[in-house]
Amino acid sequence: MSSSKAAVLFALCLAFIHGALAALNLNSPKNIAIYWGVYQIAFLTRFNGMGGVPELNLAMQGGICTLFPGTQLLNCPQIAADIKECQSLGRTVLLSLGGATYSEGGFPSEDAAIAGAKQIWETFGPITNPTAKRPFDDAVFDGFDLDFETPVSHMPTFANQLRAYFTQDASRKYYLTAAPQCAFPDLPNDPMLSGAVFFDAIWIQFYNNLCGLQSFVPGSPIQPMFNFAAWDQWARQTSRNKNVRVYLGIPGNSGAAGGGYVPIDRVAHIVQYAKHFASFGGVMIWDASQAHANSGFLSGVRSAVGGSPSSPSPSSSPSSSPSSSPSLSPSPSPTPTSKTSSTFTTSPKRSSSPTSKKPTATPTPTKATSTPSTTPTPSCPTAGRPCPSTGTFTCNGRQFGICNDGRWVMQPCPARLECIQTGSGVFCDYPRGAGRAPCS
């Protein structure tokens with residue numbers, strides 16, 4: 001391994017061989033999932049890039065890769081070897097599609113979505129097309145994670161077609177997961193989460209939002225803002241897979257997200273609260289490099305996940321156990337349930353749940369591809385313009401810019417919200433006073 005980020009990947013792969021960081025077990029509430037390497041390599045940022053092939057952004061890891069000629073698709077034989085090594089040690093490795101800088105908006109048609117799923121399967125699944133350009137050679141991912149943070153078109157068609165391919169390879173179990181924001185319902189992913197797609201697990205991002213970890217009230221059975229209960233209700237009433245596992249998504253360090261990081265002692269209390277819900281599957285950490293640099297954090301999460309639930313129980317009285325064991329078959333087994341409206345009454349807030357499926361305006365959080373800079377850039381973020389350093393976040397009126405590979409990528413806040421700058425981070429919220437005028 002020739003880079004520090006790659007070393008993080010392999011070290012974490014070995015770190016918990018006898019503990020929580022093992023193969024994904026949807027029958028257990030003691031899983032720990034880490035973005036970037038051990039479980040989820042992030043991100044595939046374009047489905048249809050230069051040369052008609054996908055594109056990847058692996059942050060600093062891209063330095064040990066080359067490009068396929070005529071494309072912007074990375075060719076990463078070293079990472080391919082590491083994926084197979086991790087899998088040989090019992091790890092589940094997923095590829096995450098989307099991320100904060102994804103900007104294609106999904107697919108222009110149903111046919112394009114079906115074709116996109118075929119290309120993803122040929123590129124990252126088992127070898128079915130010998131002419132396909134494969135960034136990780138003969139390494140085969142154990143499934144795919146869908147992480148879209150702005151609205152996307154025809155994604156249920158894409159996801160269902162991708163899952164249908166799982167039945168073509170009985171040699172391993174494949175998983176399909178999603179990573180919505182905690183604000184419920186999650187606007188970009190709601191078409192998939194409303195019963196249209198069978199997900200094995202969802203990793204809820206409880207950061208960069210008012211419903212994040214920082215809003216948890218220790219010792220209280222009533223949580224007016226921290227809304228794990230709403231997602232548990234979704235799992236039991238709306239999800240196509242009634243045994244879907246809901247993961248508590250947390251930042252691995254103070255620099256991993258724009259907001260929502262809390263120390264490990266507070267994380268432990270929140271984990272104990274979440275364990276009372278039947279859908280709780282474990283903890284997701286964003287991301288590997290941040291968590292690895294945070295001394296004692298991973299071991300603290302592992303200890304919290306392995307412990308017993310503590311009182312008080314949540315007042316929403318979740319069911320005591322799933323109705324059956326989660327489906328681990330590679331086929332998209334159940335028949336879709338009809339769409340239902342999930343109602344979960346809370347105090348009025350940015351992420352309160354409506355009584356209909358019409359999404360309310362919700363903040364748009366951002367997953368950084370690297371640690372944000374400590375000082376907001378004085379330049380005005382405008383799409384395509386040069387920016388100072390990858391991972392910088394800066395507001396521009398009702399949009400925010402993400403510095404990605406030396407250029408600004410712009411993302412809009414939802415309707416009626418504006419971008420709020422908090423030191424080196426940003427989030428979308430209702431206007432506060434006069435607000436900041438857009439720059440140009």
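For this structure, a couple of remarks:
- Selection count where residues are part of a loop (DSSP other than H, G, I, E, B) and among the polar types (S, T, N, Q), scope the range 149-162: 1
- Selection status of ALA115, modelled with pLDDT of 95 or more, in a helix (DSSP H, G or I), surrounded by fewer than 18 Cβ atoms within 10 Å (Cβ to Cβ) and out of contact with any Asp or Glu (no Cβ under 7 Å at 6 or more places or on another chain): yes
- Applying a threshold of 8 Å to beta carbon distances and a minimum spacing of six or more residues, or different chains, the list of pairs starting in the range 107-130 at a residue that is more than 18 Å from PHE166 (Cβ to Cβ) and ending at one that is of a type in the set (Gly, Ala, Ser) reads PHE107/ALA113; PHE107/GLY116; PHE107/SER153; PRO108/SER153.
- Among the residues of the range 88-104, some residue qualifies, meaning at least one is among the aliphatic types (A, V, I, L, M), in a loop (DSSP other than H, G, I, E, B), closer than 20 Å to ASP147 by Cα and not assigned by TED's automatic domain parsing to the domain that holds GLY401.
- Subset of the range 163-183 (residues that are buried (at least 24 other Cβ atoms within 10 Å of the Cβ), of a type outside the set (Gly, Ala, Ser) and in a loop (DSSP other than H, G, I, E, B)): TYR174, PRO180, CYS182
- Residue satisfying all of: in the range 204-222; under 14 Å from the mean Cα position of the chain (by Cα) and not polar (S, T, N, Q); farthest from ASN253 (Cα to Cα) among these: ILE204
- In the range 345-356, the count of residues that are under 25 Å from PRO185 (Cβ atoms) and at pLDDT 90 or above is zero.
- Every pair of residues 6+ apart whose Cβ atoms lie under 6 Å, when the first sits in the range 198-210 and is surrounded by fewer than 24 Cβ atoms within 10 Å (Cβ to Cβ) while the second is among the aromatic types (Phe, Trp, Tyr): ASP200/TYR175
- Taken over the range 81-106, residues that are over 27 Å from TRP408 (Cα atoms), touching a residue at least 24 places away in the same chain (Cβ under 8 Å) and among the polar types (S, T, N, Q) amount to 2.
- Sole exception among (1) assigned to a loop (DSSP other than H, G, I, E, B); (2) under 22 Å from THR92 (Cα atoms) for LEU146, by number: (1)
- Residues of the range 164-203 satisfying the condition of being under 18 Å from the mean Cα position of the chain (by Cα) and among the charged types (D, E, K, R): ASP186, ASP190, ASP200
- Verdict on ASP186 being under 21 Å from GLY281 (Cα atoms), part of a loop (DSSP other than H, G, I, E, B) and not aliphatic (A, V, I, L, M): yes
- Entry remark, the range 189-215: residues being of a type outside the set (Gly, Ala, Ser) and either assigned to a loop (DSSP other than H, G, I, E, B) or not assigned by TED's automatic domain parsing to the domain that holds ALA235 (or both) number 11 in total.
Listed here are the residues, each with its yes/no results for (1) loosely packed, with under 14 Cβ neighbours inside 10 Å; (2) farther than 17 Å from TYR39 by Cβ; (3) modelled with pLDDT under 90.
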site	(1), (2), (3)
VAL283	no, no, no
ALA291	no, no, yes
PHE297	no, no, no
SER308	yes, yes, yes
SER317	yes, yes, yes
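- Subset of the range 99-115 [more than 15 Å from LEU187 (Cα to Cα), within 17 Å of the chain's Cα centre (by Cα) and not β-branched (Val, Ile, Thr)]: TYR102, SER103
- Tally, over the range 132-163, of residues that are acidic (Asp, Glu) and over 17 Å from the mean Cα position of the chain (by Cα): 2
- Among the candidates ALA274, ALA196, residue that is closer than 23 Å to PHE166 by Cβ and either modelled with pLDDT of 95 or more or out of contact with any helix residue (DSSP H, G or I) (no Cβ under 7 Å at 6 or more places or on another chain) (or both): ALA196
The values are calculated or read from the model by the stated rules, or taken from the named source; none is laboratory data. This structure is a prediction, so every number in the text was calculated from the model and none was measured. FYI the Cβ positions are ideal-geometry reconstructions off the backbone, even for glycines, and counts take in every protein chain you see.
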